[in-house]
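Please read the structure below before turning to the comments.
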Amino acid sequence: MKAMLIGEVVGAKLNPSFAELLGFAGRLGAEVVGLVMGDTSDRPSFAGKLVLAAGPEYAPQAHKAMVQELVAAEKPDLVVLVHSAYGWDLAPRLAVALSAPQISEVKEVTDGVYQVGVCNGKLVRQLAPNPGLTILTLQAGAFAPAQESGSPTVENKTLPSLPGPGLVGYKSKPKTGVDLSKAERIVSVGRGIGKKENIELARKLAAVLKAELGSSRPVVDAGWIDPSHQVGSTGTTVAPKLYLACGISGAVQHLAGMKKSELIIAVNKDKEAPIGEVARYFVVADLMEFLPALTEALQ
Amino acid sequence: MKILVCIKQVADLESRFVVPAGATWFDEADLSFRINEYDEYAIEEAVRLKESLPESELVVLTLGPPRAAEALKKALAMGADRAIHLNDPKAQDRDSFSVAQAIAGAVKDQGFDLIFTGMQSQDRGSGQVGLLLSELLGINGVSCVVGFAKTEGGIQVERELDGGLRAEVALGLPALVTCQLGLNQPRYPTLPNIMKAKKKPLETIELGPQTAPRVKAQGLSLPPKRGAAEFIEGDNATKVAKLVAILKEKKLVG
Ligand SMILES: Cc1cc2nc3c(=O)[nH]c(=O)nc-3n(C[C@H](O)[C@H](O)[C@H](O)COP(=O)(O)OP(=O)(O)OC[C@H]3O[C@@H](n4cnc5c(N)ncnc54)[C@H](O)[C@@H]3O)c2cc1C
């Protein structure tokens with residue numbers, strides 16, 4: 001078994017999630033060929049072979065061509081990326097170029113059968129690819145990072161220059177609004193709050209609990225709250241003493257930003273909402289009734 | 001400019017899902033269905049583009065079972081000009097590649113300049129179909145777009161990366177973009193537009209038998225471990241009293 005692991009470079013830095021790819025390969029006992037494309041001086045340490053391809057860090061046509069070249073030479077059984085903005089963007093291109101089955105956001109594997117979450121994590125699908133080369137993206141955080149050791153033999157290459165989408169530059173979110181990363185208590189609202197005006201109910205509860213107000217992404221996207229309140233993989237990562245999730249279903253991208261909280265309490269009317277997987281207490285309730293009553297009781 | 005938007009109808013995710021023994025997909029009886037959330041952003045962006053370019057045509061397409069025609073009707077009411085339904089009563093047996101291949105077959109000779117899709121579906125969440133389609137059509141493609149602008153001779157988009165960082169990417173036409181949540185504020189169809197949509201053309205194409213998928217579904221189950229959450233139920237006063245007691249015990253309130 002041979003696995004080709006493709007690292008993600010953003011801003012000339014190798015994403016540390018490369019260690020999760022190594023952890024996955026280690027679990028399978030696979031021989032590793034690493035591939036890092038982009039100009040970075042970061043070097044992962046592992047035993048195996050590492051190909052460094054110099055050039056732009058986002059240039060999907062060039063990256064695809066480099067993977068094709070390397071797959072032809074190395075003949076791996078698996079090509080593995082993290083299911084991130086880089087991985088899910090490159091993997092389907094590889095699936096077409098290499099005529100290979102692709103499985104997205106894998107969270108477990110047993111005997112060649114891959115488990116992926118569907119319907120917002122409420123169900124798990126078992127998938128088996130056709131024999132031959134398979135392209136995988138792994139759910140971020142699903143596989144324990146390898147304790148890296150060893151130094152790979154390095155081969156240097158240069159990315160070809162090909163027409164196609166090209167990186168113009170990066171933009172970061174303006175750093176205004178609240179900083180949730182240091183908050184000790186967070187009352188967080190999700191789409192279940194229903195409408196903008198109802199956020200006041202959570203704000204009042206937050207005030208009596210001396211908590212900051214957090215939110216899931218749809219609340220931000222709808223324009224109900226400032227983006228600085230968003231918790232999750234594309235928002236802020238938090239780890240407060242108390243995280244009270246109100247009307248939040250518990251999508252993996254939300255969980256990624258709050259599952260390290262000390263005490264998680266969910267308030268949700270759907271007993272099967274996946275937030276139950278990380279919550280210590282789960283209040284089965286309608287927010288409209290429960291939040292005002294709780295606020296009053298605490299006053 | 002010819003614009004295509006590809007959408008999917010998905011089950012309401014707040015549903016209770018029931019998986020019959022040995023089945024590889026859930027039972028659809030009694031569930032309600034809606035347009036995949038990501039696709040609503042795709043439709044909105046396509047409609048805005050069409051509105052800014054008067055000489056353009058906007059086509060909406062779905063691959064799905066007969067019920068999926070409802071999603072097309074809503075997209076027509078949001079502003080698409082005509083609709084194509086690739087009808088397949090067993091659409092759920094397809095893998096992403098098979099879906100993309102069927103769509104590519106249906107649209108490859110239609111000369112679309114721009115194609116919008118959602119970045120993933122809410123049910124399967126593979127995030128594959130959009131870019132598989134652009135690759136099969138041999139056109140530019142880019143995923144996870146939260147900002148879109150038409151430029152001289154092409155488009156410039158913002159891709160969302162982790163932690164709120166965005167990458168600005170330029171590409172030439174024809175092109176496909178997959179749309180991420182928050183790209184815009186999708187409109188609600190107005191009553192007059194719902195009425196007008198009834199007169200817009202909706203073409204149904206019956207898809208032939210499926211070829212073997214590249215990825216075979218072997219099963220569908222509940223997640224193995226449901227965590228250790230303790231449920232607090234009962235009438236409102238009981239639940240409030242219990243939670244207050246817990247907060248006191250944890251010294252989170254005085
Ligand atoms: C690449 C990517 C990045 C993302 N990044 C993030 C991120 O950083 N943060 C984030 O949060 N999401 C993120 N998302 C979106 C994520 O997948 C989910 O769509 C989102 O988290 C859902 O938010 P929600 O739980 O508020 O809404 P929903 O999933 O719609 O859940 C609403 C919940 O409210 C409950 N409810 C409804 N009404 C009531 C009521 N009256 N009383 C009590 N409960 C009620 C429902 O039972 C349901 O569980 C990202 C998605 C992608 C693809």
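A few comments on the model shown:
- Within segment A:17-59, the set of residues being assigned to a helix (DSSP H, G or I) and under 21 Å from A:Asn156 (Cβ atoms) comprises A:Phe18, A:Leu21, A:Leu22.
- Boolean, A:Ile225 is surrounded by 21 or more Cβ atoms within 10 Å (Cβ to Cβ), within 8 Å of chain B (Cβ to nearest Cβ) and more than 29 Å from A:Leu138 (Cβ to Cβ): no
- Just so you know, in segment A:116-157 the residues that are away from the ligand (no atom under 16 Å from the Cβ), closer than 19 Å to A:Leu78 by Cα and facing chain B (nearest Cβ under 9 Å) include one that is farthest from the chain's Cα centre (by Cα), and it is A:Asn130.
- Selection count, segment A:174-189, where residues are free of Cβ contacts under 8 Å to residues at least 60 places away in the same chain and either among the small types (Gly, Ala, Ser) or loosely packed, with under 13 Cβ neighbours inside 10 Å (or both): 8
- None of A:Val79, A:Val109 is at pLDDT 95 or above, in a strand (DSSP E or B), under 27 Å from B:Ala11 (Cβ atoms) and more than 16 Å from the chain's Cα centre (by Cα) except A:Val109.
Residue-by-condition table, conditions (1) within 27 Å of A:Glu108 (Cα to Cα); (2) outside any loop (DSSP other than H, G, I, E, B):
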residue	(1), (2)
B:Ile205	no, yes
B:Gln210	no, no
B:Lys216	yes, yes
B:Gly219	yes, yes
B:Ala228	yes, no
B:Phe231	no, yes
B:Gly234	no, no
B:Val240	no, yes
B:Leu243	no, yes
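- Beta carbons closer than 7 Å, at least 6 apart along the sequence or on distinct chains, pair a first residue in segment A:279-299 that is at the interface with another protein chain (Cβ under 8 Å from one of its Cβ atoms) and free of Cβ contacts under 8 Å to residues at least 24 places away in the same chain with a second that is assigned to a loop (DSSP other than H, G, I, E, B) and of a type outside the set (Gly, Ala, Ser) for A:Val284/A:Lys269; A:Val284/A:Lys271; A:Val284/B:Glu233; A:Ala285/A:Lys269.
- When the test is whether a residue is within 30 Å of A:Gln253 (Cα to Cα), in a loop (DSSP other than H, G, I, E, B), more than 7 Å from chain A (Cβ to nearest Cβ) and touching a residue at least 24 places away in the same chain (Cβ under 8 Å), B:Pro224 does not pass it.
- Considering segment A:276-292, and only residues there that are among the aromatic types (Phe, Trp, Tyr) and farther than 14 Å from A:Lys204 by Cβ, the residue that is surrounded by the most Cβ atoms within 10 Å (Cβ to Cβ) turns out to be A:Phe282.
- Listing of strands (runs of 3 or more DSSP E) fully contained in segment B:43-159 that carry 2 or more residues being modelled with pLDDT under 95 and within 16 Å of the ligand (Cβ to nearest atom): none
- Candidates are the residues of segment A:35-60 that are in contact (Cβ under 8 Å) with a residue 60 or more places away in the chain and either buried (at least 24 other Cβ atoms within 10 Å of the Cβ) or not assigned by TED's automatic domain parsing to the domain that holds A:Pro152 (or both); the one that is farthest from A:Glu8 (Cα to Cα) is A:Pro60.
- Taking segment B:1-41 as the range and being within 12 Å of the ligand (Cβ to nearest atom), assigned to a loop (DSSP other than H, G, I, E, B) and not hydrophobic (A, V, I, L, M, F, W, C) as the test, the residues that pass are B:Asp12, B:Glu14, B:Ser15, B:Arg16, B:Asn36.
- The single condition from (1) of a type in the set (Lys, Arg); (2) surrounded by fewer than 19 Cβ atoms within 10 Å (Cβ to Cβ); (3) under 15 Å from B:Gly182 (Cβ atoms); (4) within 11 Å of the ligand (Cβ to nearest atom) that A:Lys171 fails is (4).
- The set of residues in segment B:222-254 that are modelled with pLDDT of 95 or more and of a type in the set (Gly, Ala, Ser) comprises B:Gly234, B:Ala237, B:Ala241, B:Ala245.
- Matching residues in segment A:229-258 - criterion: being more than 12 Å from the ligand (Cβ to nearest atom) and surrounded by 19 or more Cβ atoms within 10 Å (Cβ to Cβ): A:Pro240, A:Leu242, A:Tyr243, A:Leu244
- Among residues of segment A:259-272, those that are more than 8 Å from every other protein chain (Cβ to nearest Cβ), part of a loop (DSSP other than H, G, I, E, B) and near the ligand (Cβ under 9 Å from one of its atoms), counted: 1
- Screening the candidates B:Leu161, B:Leu72 for the property of being in contact (Cβ under 8 Å) with a residue 60 or more places away in the chain and crowded, with 17+ Cβ neighbours inside 10 Å yields one hit, B:Leu72.
The values are calculated or read from the model by the stated rules, or taken from the named source; none is laboratory data. What you are looking at is a predicted structure, and each value in this text was computed from that prediction instead of being measured. With ideal geometry, Cβ positions are generated from the backbone for all residues, glycine too; neighbour counts draw on all protein chains shown.
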